[in-house]
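The numbers here are math on the coordinates, done by the rules we state, and not lab data. If you're wondering where the values come from, they're calculated on a predicted model, not measured in any experiment. Neighbour counts are summed over all protein chains in view; Cβ atoms, including those assigned to glycine, are modelled from backbone coordinates with ideal geometry.
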There are 4 protein chains.
Amino acid sequence: MATAITLPEIDATEWLNTEQPLTLAGLRGRVVAIEAFQMLCPGCVEHGLPQAQRIAHTFRQDDVAVIGLHCVFEHHDAMPPLALRAFMHEYRICFPVAVDTPGTGMLPQTMQAWALEGTPTLLLVDRQGRLRARHFGKISDMAVGAEIMALVTESEAGEQAQQPPQA
Amino acid sequence: MATAITLPEIDATEWLNTEQPLTLAGLRGRVVAIEAFQMLCPGCVEHGLPQAQRIAHTFRQDDVAVIGLHCVFEHHDAMPPLALRAFMHEYRICFPVAVDTPGTGMLPQTMQAWALEGTPTLLLVDRQGRLRARHFGKISDMAVGAEIMALVTESEAGEQAQQPPQA
Amino acid sequence: MATAITLPEIDATEWLNTEQPLTLAGLRGRVVAIEAFQMLCPGCVEHGLPQAQRIAHTFRQDDVAVIGLHCVFEHHDAMPPLALRAFMHEYRICFPVAVDTPGTGMLPQTMQAWALEGTPTLLLVDRQGRLRARHFGKISDMAVGAEIMALVTESEAGEQAQQPPQA
Amino acid sequence: MATAITLPEIDATEWLNTEQPLTLAGLRGRVVAIEAFQMLCPGCVEHGLPQAQRIAHTFRQDDVAVIGLHCVFEHHDAMPPLALRAFMHEYRICFPVAVDTPGTGMLPQTMQAWALEGTPTLLLVDRQGRLRARHFGKISDMAVGAEIMALVTESEAGEQAQQPPQA
């Protein structure tokens with residue numbers, strides 16, 4: 001995916017695991033890995049969230065920020081922030097998580113603004129704040145490790161990685 | 001591991017899965033991932049070799065060459081090249097494999113020259129031919145993907161990756 | 001465990017996946033496998049519930065009834081029946097599940113009456129309605145298959161299995 | 001499978017992990033689980049042999065005897081008894097293993113006499129010496145545990161289990 005778009009900012013009703021709300025603008029200079037998930041989505045629980053935890057443990061915090069986006073688009077009443085908090089405690093999610101603001105229809109605001117297809121989706125933003133990859137569903141750890149490192153090794157000034165993996 | 005050593009060339013009695021014997025010198029310009037293994041080593045069968053296959057499928061051949069080194073240091077009579085060939089057929093190993101030349105003691109020549117601790121060991125050589133990493137035992141796919149990509153994004157001229165993973 | 005106790009009946013506010021509430025008395029004549037779980041308990045989601053599903057698929061319904069007991073003893077507000085329904089839909093739980101009646105303290109009524117240590121717990125009741133095994137935590141599929149079959153092969157008249165597995 | 005055949009005896013050139021050669025006749029009174037395998041068969045290494053080890057650990061030795069049958073029908077030169085011994089050492093196979101006697105064609109003698117389709121195959125023999133199940137390929141641990149226990153609970157006098165699993 002060759003893209004140079006900048007994602008609209010996250011529209012959240014609240015943030016967990018962080019004292020201050022985060023902004024993509026404020027994370028400029030670091031690579032940002034965003035895991036969009038729902039707490040009652042089996043693919044997120046089994047694959048997406050554990051992989052996001054491994055990203056957080058594999059890369060330096062100075063290089064890569066890991067963020068969760070809880071974007072509830074089904075079973076809305078079953079996944080309020082109060083339940084999300086219990087879920088994060090039980091699953092020991094240690095990175096900051098934004099609660100996507102409910103929209104007028106099924107989709108929450110950020111999910112709609114970013115045109116996400118569903119959960120889990122992993123988005124990668126480069127040091128300059130440009131969206132560089134968006135993976136809906138399952139992607140291998142090796143490909144994720146390679147893709148993120150390709151962004152990490154880019155300078156902040158902004159040349160693109162010469163050699164993305166085949167994935 | 002910060003190292004700038006150049007590995008001695010592979011000393012092999014024969015090569016499988018390649019028409020011509022390979023040399024590290026001849027692979028200069030590409031990153032080389034070398035999986036040192038024994039066909040009757042459970043950790044190699046379960047972890048090391050499948051990971052090497054995933055490296056071969058994740059990265060571009062122009063960027064990363066994957067090589068096996070069959071370095072028999074125990075049960076020598078049980079793992080002759082004839083058996084290795086059957087093993088590689090059954091396990092569908094698709095990358096070139098060098099048969100390490102037997103030594104005067106237990107250890108074969110290349111294994112001794114490279115001072116390997118055992119199998120499986122994954123060695124990473126950069127585009128300039130310098131040994132950059134050596135992992136004995138198990139290492140996660142995400143860390144391997146990241147480490148290799150850090151070498152891939154280095155220019156052939158040779159600056160080091162600024163940001164290795166923590167791993 | 002050599003026990004001949006009869007469990008008190010399940011005290012439930014409601015039952016899901018069944019048109020009529022079930023009773024242990026009504027299931028007399030069949031072996032009953034009861035999976036006590038909480039929807040936000042990682043060990044239940046990863047191990048206990050998938051194993052209960054495999055029990056339901058491995059044995060004949062005429063021989064073995066599989067029942068879930070949702071016994072919430074922590075994060076009470078996060079796991080109301082409404083959320084449980086969404087969870088069961090997403091995880092495709094196909095066996096009847098009783099919602100354990102809240103108690104005066106942390107523990108719900110059935111969990112307290114049965115003196116359960118936590119979740120997941122698998123209880124096995126024989127054709128005569130006697131509690132024959134109670135496993136808190138992880139137990140292997142092979143041992144579970146063997147234990148249940150030992151009860152299945154007992155006649156309803158009631159001799160005990162001669163040969164329980166070592167487990 | 002409803003069968004009452006008695007398997008011909010194992011025709012072996014040698015036995016490993018046992019001081020005396022075994023016979024099915026000599027094991028009468030116990031259930032016998034026989035794992036037919038080849039050391040270079042990936043399905044045997046990954047699935048069949050670990051499952052046979054779990055059988056040996058789950059059931060009482062007085063009830064269930066676990067035996068391996070190394071029946072080489074391909075890559076004959078790659079899997080001589082000498083190599084098998086190294087393999088069994090590395091993979092810590094702890095049950096007795098018979099080396100199937102080479103035949104005049106590709107198939108070894110016992111494999112041919114038993115009309116096995118390939119490896120891995122798990123055969124179950126009841127306390128009276130009758131073949132009761134034969135599974136080529138993968139079968140779940142829960143079903144195996146149940147099937148074996150159904151045979152274990154039969155008396156030596158010989159009534160059949162009333163309630164085989166659906167499997």
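See the values below:
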{"quantity": "In degrees, nearest ten, helix B:141-152 long axis to first principal axis of chain B (Cα)", "calculated": "60"}
{"quantity": "Simple Cβ-charge dipole of the range B:1-128, Lys/Arg +1 and Asp/Glu -1, about Cα centre, in debye nearest 20", "calculated": "360"}
{"quantity": "Span from the the range D:107-148 Cα centroid across to the the range B:31-90 one, whole angstrom", "calculated": "32"}
{"quantity": "Length added when fully stretched, D:GLU46-D:ARG60, from 0.36 nm per residue minus Cα-Cα", "calculated": "2.6 nm"}
{"quantity": "Degrees separating the helix C:81-90 axis from the principal Cα axis of chain C, which is the longest one", "calculated": "60"}
{"quantity": "Once exposed loop GluC sites (Glu not before Pro) are cut out (DSSP; at most 12 other Cβ, 10 Å), longest piece of chain D", "calculated": "D:20-116"}
{"quantity": "In the range A:51-118, the trypsin sites (Lys or Arg not before Pro) that fall in loop regions by DSSP, at most 12 other Cβ within 10 Å", "calculated": "A:ARG60, A:ARG92"}
{"quantity": "Label geometry 7 Å along the beta-carbon vector: C:LYS138 inter-copy distances in nm", "calculated": "1.2, 2.0, 2.0"}
{"quantity": "Point-charge dipole on Cβ atoms (K/R +1, D/E -1) for the range B:66-152, about Cα centre, debye to 20", "calculated": "280"}
{"quantity": "Axis-proximal residue, chain B, for the rotation superposing B on C (Cβ, Å)", "calculated": "B:GLU46, 11"}
{"quantity": "Percentage relative contact order, chain C, counting C-alpha pairs under 8 Å, at least six apart", "calculated": "32"}
{"quantity": "Zone of B:THR13's modelled label, taken as backbone nitrogen in the range B:98-123 under 18 Å from a point 7 Å along Cα→Cβ", "calculated": "B:98-113"}
{"quantity": "Extension gain, D:THR104 back to D:THR6 (0.36 nm per residue minus Cα-Cα distance, nm)", "calculated": "32.9 nm"}
{"quantity": "Long-range HN-HN contacts of B:LEU7 with modeled amide H, under 5 Å", "calculated": "B:LEU131"}
{"quantity": "Local electrostatic count at D:ASP63 - Lys and Arg +1, Asp and Glu -1, tallied over other residues with Cβ under 10 Å", "calculated": "+2"}
{"quantity": "Cβ-derived FRET efficiency at R0 56 Å, B:SER155 paired with B:GLU74, nearest 0.05", "calculated": "0.85"}
{"quantity": "Distances in nm from D:ALA25 to the matching label points in the other copies, shortest first (labels 7 Å along Cα to Cβ)", "calculated": "5.8, 6.9, 9.0"}
{"quantity": "Neighbouring partner chain Cβ atoms per residue of B:34-46, average, 10 Å criterion", "calculated": "2"}
{"quantity": "Over chain A: helical MRE at 222 nm, DSSP H runs n ≥ 4 each giving -39500 (n - 2.57), nearest 500", "calculated": "-6500 deg cm²/dmol"}
{"quantity": "Helix axis angle, A:49-58 relative to chain A longest principal axis, alpha carbon, degrees", "calculated": "40"}
{"quantity": "Given charges at Cβ of Lys, Arg, Asp, Glu: chain C dipole, positive-most of C:THR121, C:LEU69, C:VAL144", "calculated": "C:VAL144"}
{"quantity": "Across the identical copies, how the B:ARG92 labels are spaced - nm, sorted shortest first, 7 Å along Cα→Cβ", "calculated": "2.4, 2.9, 3.5"}
{"quantity": "Per the protein assembly as shown, cysteines lacking a partner by the 4.7 Å Cβ criterion", "calculated": "A:CYS71, A:CYS94, B:CYS71, B:CYS94, C:CYS71, C:CYS94, D:CYS71, D:CYS94"}
{"quantity": "Fraction of antiparallel bridges per DSSP, chain D only, in percent to nearest 5", "calculated": "60"}
